[in-house]
Amino acid sequence: MSVATLTGSERVARSFARAKDERRLAVIVYLTVGYPDRAATRGLLRAALDAGADILELGVPFSDPLADGATVQRASEVALRNGVTLADCLAEAREIVAERDATALFMGYTNPFLRFGAARLAEQGRACGLSGVIVPDLPTEESAVLDDALAPVGLARIDLYAPTTPDARLDELLPRSRGFAYCVSLTGVTGARQALGTDVAAFVGRVRARTQLPVAVGFGISQPEHVRALRGVADGVVVGSAALDAVGRGGERGLRDFVSSLVVAGRT
Amino acid sequence: MKGRFGEFGGQFLPETLMPAAAELETAYEAAQADPAFRSELARLLRDFVGRPTPLTDARRLSEAVGLERVLLKREDLAHTGAHKINSAVGQALLAQRMGKHRVVAETGAGQHGVASAAACALLGLECVVYMGTEDMRRQAPNVFRMKLLGAEVRPVESGTKTLKDAVNEAIRDWVTNVRNTYYLLGSAIGPHPYPTMVRDFQSVIGKEAREQSQALLGRLPDVVVACVGGGSNAIGMFHAFLGDGAVKLRGVEAAGHGIATGEHAASIVAGSAGVLHGTRTLVLQDDDGQIRGTHSVSAGLDYPGVGPEHAALHASGRAHYVARTDHEALEGFTLLSRMEGIIPALEPAHAIADLRAIAKEHGAESIVLLCLSGRGDKDLETVMKELG
Ligand SMILES: Cc1ncc(COP(=O)(O)O)c(C=O)c1O
């Protein structure tokens, strides 16, 4: 199917379905656009896809990323120093979607999106083939500004759910979920962790019981063992800080090896 | 809607914190409705903070600036040397009531950090204060005071290494330790319910000052003026006068090296609507929505946003906001010291520096009530360097 005929939500669904058909967890890779330098992003996105990534999260840098740990903070600072703007991120999305028919999401904070303009983001995001956005500081209570613009053009605003979210709140939030249900594995900011939270399975179970959408787990995932532990629990994993660390250590090659190891670990 | 001030305010938080913010709101409302909480707070404000603070009729100052009368609300005489203690004691009491044994706070000038550390020491709570390394350098005496009071001061190296980044770090800590940690926010900023709660705890300033003005003058002042960083002393002062239509409200921001230089912290005078630290308000940002670096000689005003209620008061025209430069603030600092024998903090020195303009705009016959939000001990090193 061509880009134009699928909405963002449908593209996300297609990516998860493909992974499921291949009996593995979907792997969603986050990379800050413009890190370590502007020219690097295209090659890194390709490397992630070559290694089997199902969905790309393009990190839109922000000066005050309060939900992020040290790794993403540093990457954002570098990207901003490299002059990266939201327009640059849209351009990267357009290129990788056109070239690879990739499923691409934006991950970024409220202020740059609102400054750019919700309507403009919707229109240009759609034109670039973007599938949706993840905005960690925009809870459902405040999201109408973006939703009203994004939903009509089929862009998914993907909500996050936390271990601290009570059942009653999950009951309220999950019917409004689009794309996939993003479960934050821990109480905390992004950043590679040694071990997966002990209560992840129970938490994911609480979410899964309330939605038909695929469920992905993110924050803290850094090793193939973490992915293995989530087989049969979640439908996908999101990896960010550990991907940036892999880039820092070994560039495209390092990223490719790391992402492949996660894809392999997710096979059931 | 709750937590909204016109088009400003709200709760722009990670989902992990949404239940905590709701829990805080519920606990705060229950505490306010509980006579035992209110009387315990009143007792601490009297016996620990030293309230009510005096109202000083500043005769020589008023003559020097060409005003009929200037009344100083003496928050500099509150325990720990600034108004910050009013909210710190209230919130620490709330933290204790909520069963949170660990408190995190951010600080710029160090006044809120010291106030939080003192309140936590009093109530036996663990206290961690985040402070930008740039601020640790320029407010060194306060770093030592916090440590003496048993708090752990964690240096913040990210971003601009000032208040904005200390808030980011405190929120990150809160996200991580949300189950046992209370975030003791120091100004009327941040997500709901903080702007309302901090304003309520600080509104004791205006309530007292309004009564004291009535007692002294038999009438209300013509103009009420306060410096505005995040806006807690100003909103605490303004709130009692919001219904007094004849009383002009005036907030003074930091113009740093001058608005035209771009090196300032005047979020209302020179900012635009945006979302920062969980609230929609006026912020200093570039065309891409990145929060801009700020500059002020006073660490407590060196913040690229402002409380959402001030943004709304500005939008409605109920309050008027201006900005004074570093240079003017230093003049105000010296002026008050020489005229009244009171060394102010650099933050309210911005309000002192605005008095001549008030005389010009509102007339020499005006009676002005000024919130002297803190004392200058913490700033001596900075001022020595600046004045040579
Ligand atoms: C003495 C004093 N005044 C004013 C401020 C500014 O804060 P706010 O605008 O919240 O009153 C500070 C902040 O540290 C302060 O220490």
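Read-outs: derived from the displayed coordinates by stated rules, not from any lab. A quick note: this is a predicted structure, and the numbers were derived from the prediction, not measured. Backbone-built Cβ (ideal geometry, glycine too); neighbour counts: all protein chains shown.
From other protein chains only, count the Cβ atoms within 10 Å of every residue's Cβ in B:360-368, then give the mean.
0
Quick one: grab Rg to one decimal and Dmax as a whole number for segment A:173-215, Cα atoms only, in Å.
For segment A:173-215, the Cα radius of gyration and maximum Cα-Cα distance read 11.5, 33 Å.
Please identify the cysteines of chain B that lack any partner cysteine with a Cβ under 4.7 Å from their own Cβ.
Those would be B:C227, B:C371, since no other cysteine Cβ in chain B comes under 4.7 Å of theirs.
Cα-Cα pairs above 15 Å in segment B:306-388: how many percent?
So the pairs more than 15 Å apart make up 63 percent of the total in segment B:306-388.
Report the net charge of residues surrounding B:R74, where surrounding means a beta-carbon distance below 13 angstrom and charges are Lys +1, Arg +1, Asp -1, Glu -1.
Computed value for this residue: -2.
Averaging sequence separations of C-alpha pairs under 8 Å and six or more residues apart, then dividing by the length of segment A:71-225, give the relative contact order as a whole percent.
Computed value for segment A:71-225: 18 percent relative contact order.
Give me the Kirkwood hydrodynamic radius of segment B:133-229, using the inverse of the mean 1/r over all pairs of distinct Cα atoms, in Å to one decimal.
Result for segment B:133-229, one decimal place: 16.4 Å.
Just the Kirkwood number for segment B:62-145, please: inverse of mean 1/r across all distinct Cα pairs, in Å, one decimal.
In segment B:62-145 this quantity evaluates to 14.1 Å.
With a ≥ b ≥ c the root eigenvalues of the C-alpha gyration tensor of segment B:236-388, is it rounded (a/c under 1.5), prolate (a/b larger than b/c) or oblate?
Cα axes put segment B:236-388 in the oblate bin.
Assuming 0.36 nm per residue, please report the length gained on full extension of the stretch A:A39 to A:D148 beyond their Cα-Cα distance.
Between A:A39 and A:D148, full extension yields an extra 35.9 nm.
Out of all DSSP beta bridges with both ends in the protein assembly as shown, state the antiparallel percent to the nearest 5.
If I count the DSSP bridges inside the protein assembly as shown, around 20 percent turn out antiparallel.
Report the label-to-label distance for B:E361 and B:L123 in nanometres (one decimal), using points 7 Å from each Cα along the Cα→Cβ vector.
Between B:E361 and B:L123, the simple spin-label model gives 3.7 nm.
So what's the convex hull volume per residue for the Cα atoms of the protein assembly as shown, in Å³?
Here the figure is 144 Å³ per residue.
Once you charge only the Cβ atoms, +1 for Lys and Arg and -1 for Asp and Glu, what is the size of the charge dipole of segment A:148-268 about its Cα centre, to the nearest 20 debye?
220
Projected area of segment A:1-61, taken from the Cα convex hull and averaged over every viewing direction, in nm²?
Approximately 4.9 nm², given one-decimal rounding.
May I ask for log10 I(q)/I(0) of segment A:73-227 at q = 0.20 Å⁻¹, from a Debye sum over the Cα atoms as equal point scatterers with solvent left out?
So the normalised log intensities work out to -1.37.
Counting partner chain Cβ atoms within 10 Å of every residue's Cβ in A:55-66, what's the average?
Across A:55-66, the average partner-chain Cβ count within 10 Å equals 5.
Return the calculated 222 nm mean residue ellipticity for chain B, to the nearest 500 deg cm²/dmol, obtained by summing -39500 (n - 2.57) across DSSP H runs with n ≥ 4 and dividing by the residue count.
-13000 deg cm²/dmol
Principal axes first, then extents: for the Cα atoms of segment B:179-315, list largest minus smallest coordinate on each axis, whole Å, largest first.
51, 45, 26
With a cut-off of 8 Å between alpha carbons and a minimum separation of six or more residues, what is the relative contact order of segment B:200-266 in percent?
Relative contact order for segment B:200-266 comes out at 32 percent.
Report for chain B the percent antiparallel among DSSP-assigned beta bridges with both residues inside it, nearest 5.
Of the beta bridges lying entirely in chain B, close to 30 percent run antiparallel.
Rank A:E99, A:E225, A:E141 by mean-square fluctuation in a GNM of chain A with C-alpha springs under 10 angstrom and give only the top-ranked residue.
A:E141
Can you pull the three principal axis extents for the Cα set of segment B:1-157, in Å, largest first?
55, 38, 37
Would you tell me the mean number of C-beta atoms belonging to other protein chains that fall within 10 Å of each C-beta in A:240-248, as a whole number?
Average per residue, whole number: 0.
When the chain is fully extended, how far beyond the present Cα-Cα distance does B:T334 get from B:H101, taking 0.36 nm per residue of separation?
That pair, B:T334 and B:H101, stretches by 79.7 nm at full extension.
For chain A, with equal point scatterers placed on the C-alpha atoms only and solvent neglected, what are the log10 I(q)/I(0) values from the Debye formula at q = 0.07, 0.10, 0.12, 0.14 1/Å, to two decimals?
With no solvent term, the Cα-only Debye profile gives -0.20, -0.43, -0.63, -0.90.
Bins of 20 Å, beginning at zero and ending with the bin holding the largest distance: percent of Cα pairs per bin for chain B, please.
Histogram of Cα-Cα distances, whole percents per bin: 32, 61, 7.
Among the trypsin sites (Lys or Arg not before Pro) within segment B:94-202, which fall in a DSSP loop and have no more than 16 other Cβ atoms within 10 Å of their own Cβ?
In loop regions of segment B:94-202 (DSSP not H, G, I, E or B), the sparsely surrounded trypsin sites (Lys or Arg not before Pro) are B:R179.
Could you order the peptides A:132-138, B:243-249, A:73-79 from most to least packed, using the average number of other C-beta atoms within 10 Å per residue?
Result, highest mean Cβ count within 10 Å first: A:132-138, A:73-79, B:243-249.
Among DSSP beta bridges lying fully in chain A, give the percent that are antiparallel, nearest 5.
Counting only bridges with both partners in chain A, antiparallel ones make up about 5 percent.
Taking loop as defined by DSSP and a crowding limit of 10 other beta carbons within 10 Å, which GluC sites (Glu not before Pro) in segment B:324-372 fit?
Here the sparse-neighbourhood loop sites are B:E365.
Any chance you could run the full-extension gain for B:I259 through B:E7? It's 0.36 nm times the residue separation minus the Cα-Cα distance, nm to one decimal.
88.2 nm is the gain from fully extending B:I259 to B:E7.
Summarise the long-distance tail of P(r) for segment A:58-142 by giving the % of C-alpha pairs beyond 23 Å.
Percentage above 23 Å: 20.
Output the relative contact order of chain B, whole-number percent, from Cα pairs under 8 angstrom with separation of 6+ residues.
Reported relative contact order: 20 percent.
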